[in-house]
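Here is the structure we will look at.
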C-alpha cells in the first residue's frame, strides 16, 4: 500500500469516526423533545390531519391551540365548524349538523388526538414508548416507538422533529392497520390564550351528552 492510499484510508476513517460521534441517539433526541415542550406554556399551529383505513382516505385541516395544563382546541376549517376541545377535565367533540356534542372525561379519553399530550410536556417519551428508534429525515429526525401496554389500540407512534426538538409531524398506526398522520406548520410558541379558547358554547338546539369522542 503506497503512502497516498494510506492517507486516503486514514482520512476516510477519521471522517467515519467523526460522523459516528456526531450522530445523536434516540434517547438523546427524545430528551430534547421533552425539554423543548417542558419549557412551553402554549402554542398555536396550522394542522393537516389525514386518516387512512377501512376503505377511507380522509384529509382535514384547521388550527390547533394548546395551553398547559392539559388544554387543547382543534378548530377545523375543513370541514368547517368541526371542533374538538379539551379543557383539562373533559373533552367535547362536535360536528356541524349534529344535534348533539359528545363530552368525555379526560381520564377516559380514547381519541387519536390525545397522544398529542406530548406537545403539552406532560410525559417523557422514553417512558411512554418502547423500542425507540431514530432515523434522519430532511435535516431533522423521526422518533418511532410502540406505546407501552398497546394503549388505545395503537401499534406505533412516529414523531418527526427538527434539531431543536420541535414536533413537525406525527404518524399513528393502529393495531388494525389504519393510520392517522398530523403535520404542523406556522407554529407559534408561548402565545397569549384565554379560558374561552378552551370552552365550548353549543349552537342553538345542540345538547351536550356524555359519550366517547369519535376519531
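Miscellaneous remarks
- The set of residues in region 47-97 being assigned to a strand (DSSP E or B), surrounded by fewer than 16 Cβ atoms within 10 Å (Cβ to Cβ) and touching a helix residue (DSSP H, G or I) at 6+ places or on another chain (Cβ under 8 Å) is empty.
- Residue in region 174-184 that is surrounded by fewer than 18 Cβ atoms within 10 Å (Cβ to Cβ) and closer than 23 Å to residue 88 by Cα present: no
- Against the test of being outside any loop (DSSP other than H, G, I, E, B) and out of contact with any strand residue (DSSP E or B) (no Cβ under 9 Å at 6 or more places or on another chain), the options 196, 164 yield a single qualifying residue, 196.
- Long-range neighbours under 9 Å by Cβ, at least six apart or interchain, first residue without any contact (Cβ under 8 Å) to a residue 60 or more places away in the chain and at positive phi within region 120-142, second assigned to a loop (DSSP other than H, G, I, E, B) and exposed (fewer than 13 other Cβ atoms within 10 Å of the Cβ): 139/163
- Residue within region 98-113 that is at pLDDT below 90, over 18 Å from the mean Cα position of the chain (by Cα) and surrounded by 15 or more Cβ atoms within 10 Å (Cβ to Cβ) present: yes
The values are calculated or read from the model by the stated rules, or taken from the named source; none is laboratory data. It should be emphasised that the depicted structure is a prediction, and the values quoted were computed from it without experimental measurement. Every residue, glycine as well, gets a Cβ built from its backbone with ideal geometry; the counts of neighbours run over all protein chains shown.
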